[in-house]
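Below: the structure, in structure tokens.
The values are calculated or read from the model by the stated rules, or taken from the named source; none is laboratory data. Computed from a predicted model, the values in this text were never measured in an experiment. Don't worry about glycine lacking a Cβ; one is built from the backbone with ideal geometry, like all the others, and counts go over all protein chains shown.
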There are 2 protein chains.
Amino acid sequence: MSKLPDDTPPLIDRIGVGLSRVATAMRTEAWTAADAIGLNPTQLQILTFLVARGRAGMRVKQIAAYLGVSQPTTTDSVNALLRKGLVDKQSDPTDARALAVAATPAGESAVRRAGELASATEDAIAALSKLEQQDLLVHLLKIIRRLQMAGAIPEQRMCVNCRYFRPHVHDDPSAPHHCAFVDAAFGPAELRVDCGEYESGEEGARETAWRVFTREAG
Amino acid sequence: MSKLPDDTPPLIDRIGVGLSRVATAMRTEAWTAADAIGLNPTQLQILTFLVARGRAGMRVKQIAAYLGVSQPTTTDSVNALLRKGLVDKQSDPTDARALAVAATPAGESAVRRAGELASATEDAIAALSKLEQQDLLVHLLKIIRRLQMAGAIPEQRMCVNCRYFRPHVHDDPSAPHHCAFVDAAFGPAELRVDCGEYESGEEGARETAWRVFTREAG
DNA sequence: TGACAATACGTAGGATTCCTATACAAATAA
DNA sequence: TTATTTGTATAGGAATCCTACGTATTGTCA
């Protein structure tokens with residue numbers, strides 16, 4: 001029996017390839033899901049983002065940062081959604097330059113319809129055990145946090161960034177964390193990636209919370 | 001202390017959002033990496049794919065399936081790469097309709113240059129422990145396999161699909177698997193996502209191997 | 001206050017992706 | 001031989017997506 005050749009790509013690269021494969025499937029699904037409601041993937045992504053953020057409205061620049069595209073591209077797509085009556089633009093009273101882009105009720109129902117469509121990716125994730133799903137979520141949170149710190153993506157509205165996050169304050173292993181906003185205990189499977197009640201934590205406190213949070217795994 | 005509200009999105013959805021966030025970062029990076037060598041992300045993706053597959057050449061349809069785009073779109077991008085001298089087209093001797101698209105040496109060096117660029121995503125994955133990386137890879141493999149079975153993506157050249165894969169035949173916990181092609185033991189951290197020596201396994205044998213492979217986690 | 005820079009968004013212009021529908025040629029089946 | 005299927009290419013068009021630049025508002029600093 002010989003040794004495995006050294007031409008195996010590094011583990012990190014293979015994970016990257018794996019992520020790309022899943023992303024490809026998600027993009028393909030996004031085309032069909034968006035098409036079913038008369039949109040395209042970018043428009044659906046914007047609309048989903050706006051619905052998640054509520055009626056307060058988001059600025060064009062924030063949307064662009066979230067999508068990872070340029071601001072003019074976002075203007076294009078927002079205008080397309082505007083023509084379809086799925087979003088509205090209101091000028092920000094505190095800054096006459098800025099806009100508040102928000103989903104209309106028609107936009108909200110469009111997102112709901114798209115979400116009800118079958119998704120092979122969701123099925124594939126659902127086939128994992130609960131524990132595997134939980135691990136996967138935590139791994140992704142760690143990666144996302146690094147990407148955020150590197151400036152590759154904007155600040156995410158995750159529990160682990162939030163000023164209300166209190167990691168490992170309870171003895172119950174299924175719900176060791178605590179959210180000081182709703183005053184409730186919760187576990188790793190409930191960690192949020194994009195929370196409506198999120199409030200940015202102070203840098204030092206965030207670092208401390210992160211160290212406490214990750215100590216569980218070590 | 002109250003209970004956590006029920007408005008938390010399902011775990012599966014939050015994993016989906018997390019995957020999207022990582023995919024966004026990867027796409028942004030792909031733009032800059034591709035731009036550095038005078039390409040766009042789609043072209044770089046095709047070129048990377050062709051380099052991984054070697055000089056044998058791939059058909060347009062296979063490339064399209066891999067990318068998750070339509071065949072005419074692939075023809076467009078392949079022609080763009082052709083004009084730049086990074087790929088060549090040769091007619092398949094066994095089928096006069098078909099083409100063998102392969103990367104030229106110039107194309108190979110372009111992929112190398114792009115790969116040497118800094119990647120925030122790779123750094124973020126590298127920040128995980130070896131064990132976490134290994135777990136993440138296995139989770140992704142499970143998801144990819146499901147996507148493949150659902151027809152959302154084409155058959156992947158993964159160890160777990162391969163006729164030469166012999167899971168859990170060794171006692172060494174760091175290298176329990178065996179590759180009958182190179183006749184070597186290897187561990188979960190060496191599992192490949194896109195192997196050059198891959199050969200599709202027979203359906204029943206593949207199922208059996210999968211059950212043996214996943215029994216480790218259970 | 002007044003000049004200047006920074007910011008938020010829009011428009012212009014153009015390259016390219018990406019789609020569906022269709023045409024063509026070669027292989028396969030009837 | 002004829003019909004169907006398969007592998008690409010082409011046609012046509014919508015939309016993404018970019019870089020530049022313009023306009024208006026806000027912020028900064030002498």
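Some values worked out for this structure:
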item: Residue within region A:30-41 that is more than 14 Å from DNA strand D (Cβ to nearest atom) and either in the same structural domain as A:Arg192 (by TED's automatic domain parsing) or buried (at least 19 other Cβ atoms within 10 Å of the Cβ) (or both) present; result: yes
item: Every residue from region A:174-218 that is of a type in the set (D, E, K, R) and part of a loop (DSSP other than H, G, I, E, B); result: A:Asp183, A:Arg192, A:Asp194, A:Glu197, A:Glu199, A:Glu202, A:Glu216
item: Number of positions in region B:178-218 that are without any contact (Cβ under 8 Å) to a residue 24 or more places away in the chain and under 15 Å from B:Arg145 (Cβ atoms); result: 4
item: Residue among B:Ala152, B:Ala102, B:Ala175 that is of a type in the set (Gly, Ala, Ser), over 30 Å from A:Met149 (Cβ atoms) and within 16 Å of DNA strand C (Cβ to nearest atom); result: B:Ala152
item: Of all residues making up region B:199-218, the number that are more than 13 Å from chain A (Cβ to nearest Cβ), buried (at least 17 other Cβ atoms within 10 Å of the Cβ) and closer than 24 Å to A:Gly16 by Cα; result: 1
item: Residues that are within 10 Å of chain A (Cβ to nearest Cβ), buried (at least 18 other Cβ atoms within 10 Å of the Cβ) and more than 14 Å from B:Phe213 (Cα to Cα), drawn from region B:154-184; result: B:Gln156
item: Residue list for region A:60-72, restricted to those being out of contact with any helix residue (DSSP H, G or I) (no Cβ under 7 Å at 6 or more places or on another chain) and surrounded by 13 or more Cβ atoms within 10 Å (Cβ to Cβ); result: A:Gln62, A:Ala65, A:Val69
item: Test for B:Gly57: is it surrounded by 17 or more Cβ atoms within 10 Å (Cβ to Cβ), within 11 Å of chain A (Cβ to nearest Cβ) and at positive phi; result: no
item: Some residue of region B:116-135 being in contact with a strand residue (DSSP E or B) (Cβ under 8 Å, 6 or more places away or on another chain) and either modelled with pLDDT under 90 or not aromatic (Phe, Trp, Tyr) (or both); result: no
item: Some residue of region B:144-153 being closer than 21 Å to B:Val193 by Cβ, within 16 Å of DNA strand D (Cβ to nearest atom) and within 7 Å of chain A (Cβ to nearest Cβ); result: no
item: Candidate set from region B:123-143 (those that are at the interface with chain A (Cβ under 8 Å from one of its Cβ atoms) and under 15 Å from the mean Cα position of the chain (by Cα)); member that is surrounded by the most Cβ atoms within 10 Å (Cβ to Cβ); result: B:Ile143
item: Only listed residue being of a type in the set (Val, Ile, Thr) and in contact (Cβ under 8 Å) with a residue 60 or more places away in the chain, chosen from B:Val78, B:Val22; result: B:Val22
item: Residues being within 16 Å of DNA strand D (Cβ to nearest atom), outside any strand (DSSP E or B) and among the β-branched types (Val, Ile, Thr) - total across region A:99-137; result: 1
item: Pick from region A:63-84, criterion among the β-branched types (Val, Ile, Thr) and within 8 Å of DNA strand D (Cβ to nearest atom), ranking: nearest to A:Arg157 (Cα to Cα); result: A:Val69
item: Sole exception among (1) hydrophobic (A, V, I, L, M, F, W, C); (2) within 15 Å of DNA strand D (Cβ to nearest atom); (3) more than 24 Å from A:Ala106 (Cα to Cα) for A:Val87, by number; result: (3)
